[in-house]
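Let me begin by handing over the structure; questions about it come next.
The values are calculated or read from the model by the stated rules, or taken from the named source; none is laboratory data. These numbers were taken from a predicted model, which means no experiment stands behind them. Heads up, the Cβs are rebuilt from the backbone with ideal geometry, glycines too, and the neighbour counts pull from every protein chain shown. Please note that ligands, DNA and RNA were not included when accessible areas were found on the heavy atoms of the full protein model with its side chains. Shrake-Rupley method; radii C 1.70, N 1.55, O 1.52, S 1.80 Å.
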Amino acid sequence: MVTGAGSGIGLAAARRLASDGARVVCVDINTATAEAAANEVGGLAVTADVTAPDDVARIYATADEQYGRIDIALHNAGISPPEDDSILTTQLDVWRRVQEVNLTSVYLGCQAVLPYMRRAGKGSIINVASFVAVMGSATSQVSYTASKGGVLAMSRELGVQFAREGIRVNALCPGPVNTPLLQELFAADPERAQRRLVHVPMGRFAEPTEIAAAIAFLAGDDSSFITASEFLVDGGISAAYTTPL
Ligand SMILES: NC(=O)c1ccc[n+]([C@@H]2O[C@H](COP(=O)([O-])OP(=O)(O)OC[C@H]3O[C@@H](n4cnc5c(N)ncnc54)[C@H](O)[C@@H]3O)[C@@H](O)[C@H]2O)c1
């Protein structure tokens, strides 16, 4: 299961998991991009809003019906709207919308998939958080950051709770990734973009394929002893005090 499979990290993950042999359910709120992704990877497209409990229940029921089991759940759909900014200016409706899409969706997804994985006695859940869950930023996106902190803490707790049932739950924390989500944000404000880029030791953003490679690792048995982790794939950003010139 890949949510937000129509674009960016989700699309790269759908491609990578399919090439590794998975049958991929491509979920997106955008029907056209979900279908394009599913067609490309030979998977199943499902249009769904990950903030709607009925939709989330339906995507997992459909996957179970179609394929008989669910091995991997990648809860990746997320938003980062420009109106989510400093706490001094961010409106309550924006705060709530970001919490719904980025955090409540992960709660709903985990709640919906766990019964299938418990039945099978195995599974890997990967919840996409962000490096901003572990670092503070003066170019604030207050609700986004708080939502990702929530994803991180919830994933840790579920990883611990279900560890003896063969179900692993990890929070994947990417650094800045070259996707439409980030490109839109940076196009809106080049100065803030530059302020962020200077902190990345590698001096560049990640490519979606690099995040997909980490997802494939967390999804498969090579990571069989890794659970409840904050899995940073961030080009060294969270370890840096100063960066190379
Ligand atoms: N791009 C980055 O720099 C970066 C860094 C760290 C974490 N992340 C996280 O990675 C995840 C994917 O980001 P991306 O950069 O690939 O974004 P993206 O905008 O390229 O793709 C997100 C996808 O999610 C879908 N989506 C949005 N709301 C949805 C909803 N309610 N229901 C179903 N689908 C919905 C969109 O239609 C889109 O296809 C997000 O959780 C994001 O916060 C991104």
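Take every Cα-Cα pair in the stretch 1-143 and report what % of them are more than 28 Å apart.
Result for the distance tail: 20 percent.
With springs connecting C-alpha atoms under 10 Å apart, model the chain as a Gaussian network and identify which of V46, V160, V24 has the largest mean-square fluctuation.
It is V160.
Something else: Which whole number in µm²/s is D for the stretch 113-245 by Stokes-Einstein, with the Kirkwood Rh taken over Cα pairs at 37 °C and 0.692 mPa s?
208
Angle, helix 31-41 long axis vs. longest principal axis of the chain, Cα atoms, 0 to 90°, nearest 10?
70
Counting each DSSP H run of 4 or more residues in the chain as -39500 (n - 2.57), what helix-only mean residue ellipticity at 222 nm follows after dividing by all residues, to the nearest 500 deg cm²/dmol?
Only helices count here, giving -14000 deg cm²/dmol.
For q = 0.09, 0.10, 0.13 Å⁻¹, what log10 I(q)/I(0) does the chain give under the Debye formula with an equal point scatterer on each alpha carbon and no solvent?
With no solvent term, the Cα-only Debye profile gives -0.35, -0.44, -0.76.
So what are the ³J(HN,Hα) numbers for the stretch 63-76, from phi and the Karplus equation (6.51, -1.76, 1.60; θ = phi - 60°), rounded to whole Hz, Gly and Pro as x?
Ordered by residue, 3J(HN,Hα) equals 4, 5, 4, 6, 10, x, 6, 10, 8, 9, 10, 9, 8, 10 Hz.
Can you send over the carbon and sulfur percentage of the accessible area for the chain, probe radius 1.4 Å, protein chains only?
Working: 6340 of 11790 Å².
Carbon plus sulfur share of accessible area: 54 percent.
Rounded to the nearest 20 Debye, what is the dipole magnitude of the chain about its Cα centre when Lys and Arg each give +1 and Asp and Glu each give -1 at the C-beta?
Numbers: 18 positive and 26 negative charges, 115 e Å.
Roughly 560 debye for the chain.
Could I ask something else about it? Does anyone have the angle between helix 105-120 and the longest principal axis of the chain? Alpha-carbon axes, 0 to 90°, nearest 10?
30
So what is the accessible area of the stretch 1-130 per residue, in Å², with the probe set to 1.4 Å? Don't jump to the answer; show the numbers that get you there.
Numbers: 5760 Å² over 130 residues.
That works out to 44 Å² for each residue.
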